[in-house]
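Participant: Below is a structure I'd like to ask you about.
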Amino acid sequence: MNTNSTAPAGTVVVGTDGTATALHAVEWAVVEAGARGVPLRIVHAAPYATDAPGRRRAATLLARAFTVAHRRAPAVETHTELIVDEPVVGLVRASENAGLLVIGIIGERTGDVVLGSVAPAVTGAAHCPVTVVRRGHRTDGAHAIVVVGVESAPADAAALRVAFAEADVHDARLVVLHTRPFPSPSGADPAPVDLAALAPWSSRHPGVPVEVRVVHGTPAEQLLHAAHEAQMVVVAHRGRSAAARAVAGSVGRGLLRSSACPVTVVHRDLVPAASSAHHSADYVDPHDRTQLW
């Protein structure tokens with residue numbers, strides 16, 4: 001087991017707490033790190049690890065997670081780190097230099113509300129895109145489709161940037177999904193998103209097939225429906241403030257708990273670290289100031 005408190009910019013970071021759900025997230029994360037060609041950093045936030053017994057317990061949890069990752073993808077460079085802090089604070093801190101933060105969530109039962117609350121809190125404050133993985137999610141990339149929910153191309157540039165890059169690295173098709181509450185009486189609504197509007201990202205990822213879908217309904221229901229055919233759903237987050245998180249909650253919380261595939265949340269003002277030389281032009285844009293979804 002390789003223990004390291006620092007990792008290169010763009011590293012995939014995954015949080016673990018020893019549960020089966022967290023170990024499933026570790027499996028997903030190591031596959032993602034391998035696809036990106038970057039190291040994996042497994043972190044455990046353990047405020048209890050202030051004495052020898054606590055540190056031994058934490059070391060055991062990290063060793064188990066390392067074993068899971070190594071068995072799934074032995075060629076991926078993997079590090080572990082103990083963070084003596086509360087889970088939300090520790091995970092947010094671990095995201096500062098990461099290309100992606102991966103966390104597990106249990107959402108099948110009402111009794112999981114407390115555990116599940118960590119995921120929305122982390123997605124609301126992380127410094128990089130956050131992928132939330134549930135135990136039932138596949139880790140083999142069987143569905144080669146990435147879905148991104150958009151309001152408009154300028155408004156969701158950050159989410160589009162991440163979604164195009166994900167589709168590219170996984171040789172997947174990209175579905176750009178825009179929802180409307182109801183059709184206009186004339187039926188002549190102008191398309192809010194079209195292939196021409198997506199040209200800045202398509203030109204960087206010419207090998208990514210793109211489909212634009214304009215559907216009627218609520219964002220939550222349409223994204224949940226689209227998730228059944230996808231390997232990932234990408235959505236933009238409205239901001240880091242408490243008020244912004246409350247607005248995003250109606251879509252985001254339901255999606256995180258019930259999506260049939262992992263969900264990646266991207267902040268509107270995010271300038272993530274480059275995950276590799278291949279992605280640096282797409283993930284680092286200091287002039288990008290995007291809107292909300």
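Participant: Once you have the Cα-Cα distance between Ala196 and Ala52, take 0.36 nm times their residue separation minus that, and quote the gain in nm to one decimal. Walk me through the numbers before you get to the answer.
Facilitator: Values: separation 144, 0.36 × 144 = 51.84 nm, distance 5.97 nm.
Contour length minus Cα-Cα distance gives 45.9 nm.
Participant: Once you charge only the Cβ atoms, +1 for Lys and Arg and -1 for Asp and Glu, what is the size of the charge dipole of the range 60-102 about its Cα centre, to the nearest 20 debye?
Facilitator: 280 debye
Participant: Using a 1.4 Å probe on the protein chains only, how many percent of the accessible area of the range 39-78 belongs to carbon and sulfur?
Facilitator: In the range 39-78, the share of accessible area belonging to carbon and sulfur is 55 percent.
The values are calculated or read from the model by the stated rules, or taken from the named source; none is laboratory data. It should be emphasised that the depicted structure is a prediction, and the values quoted were computed from it without experimental measurement. Cβ coordinates were reconstructed from backbone atoms using ideal geometry, including for glycine residues, and neighbour counts include every protein chain displayed. Accessible surface is based on the protein model in full, side chains and every heavy atom, while ligands, DNA and RNA are left aside. Shrake-Rupley method; radii C 1.70, N 1.55, O 1.52, S 1.80 Å.
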